[in-house]
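A.B. asks: Next up is a structure, given as C-alpha cells.
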Amino acid sequence: MRAFRFSCNVFGVQTRDAFADRCRLAERAGYDTIFAVDHLGAPAPFPVLIAAAAATDRLRVGTLVLNVGFWNPALLAREVATADILTDGRLELGLGAGHMKSEFDEAGIAWEPFGARAARLAETIRTLEHCFRDGGQAGLPGGSAPQPVQRRGFHGSGPPLIIGGTGDRILTIAAEHADIVAIAGAYQVEGGPPGTFRLATADETGERVRFARARAGERADEIEWHLLLQMVIETNDRRATAEKLAARLGPAMSVEETLQTPFLLIGTVDEMAEQLARNRERYGFTYITVHEPYLEAFAPVIERLR
C-alpha cells in the first residue's frame with residue numbers, strides 16, 4: 001500500500017518573510033507539498049511556488065489546479081519548464097477545466113460549455129507534452145527553450161501531472177494521462193447558479209474512484225489518488241459537531257453523510273487519523289491536502305500517521 005503524502009493549499013501572501021515562515025512551518029510539521037490555487041483574487045501561482053521552494057529544503061510545490069481556460073498552452077509550457085528549473089525539479093503540475101463562471105466573466109474570458117472546456121484540457125495536455133518531449137518551442141538566438149528538469153509525468157517528458165475533477169469526461173482524461181488523480185468531490189447543486197456546489201457523499205466518492213480506476217485499466221495501481229479535505233475539525237464529540245455542520249450545510253447532506261464523506265475530517269486526532277487510514281483502504285486516497293487555515297490543526301494528524 002502506498003505511503004501517505006500530505007500537502008497544504010496557499011490562499012494568500014501578505015509579505016515575503018511571512019510567507020517564507022509559513023512554508024518553513026509546514027516543512028517542520030511534516031507536510032510534503034505546498035500547493036498554489038489558480039483563482040482570481042489569489043496570488044499568481046508560479047511566483048508563489050518558486051518562493052516556497054526557495055524558502056524550504058525539501059518541500060515539493062505544485063498547482064491545485066490551474067484553470068486551463070486562463071492559459072495559452074505554449075506560454076504555459078514556458079512557465080512550467082522555468083518553474084521546474086528554478087525549484088530544482090520539485091514541481092507538480094495540476095490542471096483542471098475550470099468551474100467558476102464568475103471568474104471567467106471577471107477576466108473577460110468567454111465561458112464555454114463543459115464539453116469545450118474538457119476538450120481544451122485535453123488539448124493543453126497534448127501541447128505541453130509536445131513542448132516538453134520534442135522541444136516544441138524555439139529558443140532565443142544562441143540559446144534554447146527551457147525544458148523541465150523532471151521526466152516523470154506527461155508520459156516521461158515533464159513534471160508529475162495532476163488532473164482534478166468529478167465528471168466522466170475529466171476523470172477519463174485523468175485516467176489516461178495523470179500521474180496523480182484528484183477526485184474533486186464537488187457536485188453542482190441542481191437548480192442553483194453555476195458555481196453552487198455540494199460535497200460528494202461516501203458512496204458517490206466510491207463510485208467516482210471505481211469509474212476512474214476502470215478507465216485507467218492497468219495504470220490504476222500506478223496512479224497516486226488525491227483527496228482535498230474541505231474542513232479539519234478537532235472535537236471530542238464527532239456526532240454533535242456533525243449535527244451543527246450539517247445544519248450549516250443545508251439539506252444537501254444529512255448528519256450521517258457529513259460523518260461519512262471523505263471530504264470532511266472530524267474528531268480527535270486519533271479519530272481523524274483512523275478516518276484517513278480507512279479512506280486509504282476504501283478509496284486508495286494517499287495524497288491528502290488541507291486548506292491553509294487548517295495547516296496547524298492538521299499537523300498532529302500527520303505526526304500520528306507517519
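A.B. asks: For region 24-46, enumerate the residues that are in a loop (DSSP other than H, G, I, E, B) and touching a residue at least 12 places away in the same chain (Cβ under 8 Å).
C.D. replies: Passing the criteria: ALA29, GLY30, TYR31, ASP32, VAL37, ASP38, HIS39, LEU40, ALA42, PRO43.
A.B. asks: Collect the residues in region 7-23 that are out of contact with any helix residue (DSSP H, G or I) (no Cβ under 6 Å at 6 or more places or on another chain), assigned to a helix (DSSP H, G or I) and surrounded by fewer than 18 Cβ atoms within 10 Å (Cβ to Cβ), keeping them in residue-number order.
C.D. replies: Selection gives ARG16, ASP17, ALA18, ASP21.
A.B. asks: Something else about it: Output the residues belonging to region 246-266 that are among the acidic types (Asp, Glu) and either touching a residue at least 24 places away in the same chain (Cβ under 8 Å) or buried (at least 21 other Cβ atoms within 10 Å of the Cβ) (or both).
C.D. replies: Passing the criteria: only GLU257.
A.B. asks: Within region 49-107, which residues are under 21 Å from PHE19 (Cα atoms), in a helix (DSSP H, G or I) and among the small types (Gly, Ala, Ser)?
C.D. replies: ALA51, ALA52, ALA53, ALA54, ALA55, ALA83
A.B. asks: Can I ask one more? Check off (1) surrounded by fewer than 16 Cβ atoms within 10 Å (Cβ to Cβ); (2) closer than 30 Å to ALA299 by Cβ for GLY165 and give me the number that stays unchecked.
C.D. replies: GLY165 satisfies all of (1) surrounded by fewer than 16 Cβ atoms within 10 Å (Cβ to Cβ); (2) closer than 30 Å to ALA299 by Cβ except (1).
A.B. asks: While we're here: Please state which of the following conditions PRO113 fails to meet, knowing it meets all the rest: (1) over 16 Å from ILE163 (Cα atoms); (2) within 15 Å of the chain's Cα centre (by Cα).
C.D. replies: Of (1) over 16 Å from ILE163 (Cα atoms); (2) within 15 Å of the chain's Cα centre (by Cα), only one is false for PRO113: (2).
A.B. asks: How do the strands (runs of 3 or more DSSP E) wholly within region 149-206 filter down when requiring 1 or more residues that are β-branched (Val, Ile, Thr) and either at pLDDT 95 or above or touching a Lys or Arg at 6+ places or on another chain (Cβ under 9 Å) (or both): which remain?
C.D. replies: In region 149-206, 161-165, 180-183 are the strands (runs of 3 or more DSSP E) which contain 1 or more residues that are β-branched (Val, Ile, Thr) and either at pLDDT 95 or above or touching a Lys or Arg at 6+ places or on another chain (Cβ under 9 Å) (or both).
A.B. asks: With LEU25, LEU49 as the choices, which residue is at pLDDT 95 or above, over 19 Å from the mean Cα position of the chain (by Cα) and under 24 Å from ILE302 (Cα atoms)?
C.D. replies: Of LEU25, LEU49, the one residue that is at pLDDT 95 or above, over 19 Å from the mean Cα position of the chain (by Cα) and under 24 Å from ILE302 (Cα atoms) is LEU25.
A.B. asks: Here's something else I'd like to know. How about region 212-240: which of its residues are part of a helix (DSSP H, G or I) and buried (at least 17 other Cβ atoms within 10 Å of the Cβ)?
C.D. replies: Scanning region 212-240 gives ALA212, ARG213, ARG215, ALA216, ARG238.
A.B. asks: Sticking with this structure for a sec: Kindly indicate whether any position in region 283-291 is of a type outside the set (S, T, N, Q), out of contact with any Phe, Trp or Tyr (no Cβ under 8 Å at 6 or more places or on another chain), under 24 Å from THR33 (Cα atoms) and crowded, with 19+ Cβ neighbours inside 10 Å.
C.D. replies: Within region 283-291, not a single residue is of a type outside the set (S, T, N, Q), out of contact with any Phe, Trp or Tyr (no Cβ under 8 Å at 6 or more places or on another chain), under 24 Å from THR33 (Cα atoms) and crowded, with 19+ Cβ neighbours inside 10 Å.
A.B. asks: Could you check, for region 231-247, whether at least one of its residues is more than 26 Å from GLY30 (Cβ to Cβ), more than 20 Å from the chain's Cα centre (by Cα) and among the basic types (Lys, Arg)?
C.D. replies: So far as region 231-247 goes, yes, one or more of its residues are more than 26 Å from GLY30 (Cβ to Cβ), more than 20 Å from the chain's Cα centre (by Cα) and among the basic types (Lys, Arg).
A.B. asks: Now for a different question. Restricting the search to region 113-148, which residues are modelled with pLDDT of 90 or more, closer than 18 Å to HIS177 by Cβ and either assigned to a loop (DSSP other than H, G, I, E, B) or touching a His at 6+ places or on another chain (Cβ under 7 Å) (or both)?
C.D. replies: ILE125, GLU129, PRO148
The values are calculated or read from the model by the stated rules, or taken from the named source; none is laboratory data. Please read all numbers here as calculations on a predicted model, not as lab measurements. Note that we place each Cβ from the backbone using ideal geometry, even for glycine, and neighbour counts take in every protein chain shown.
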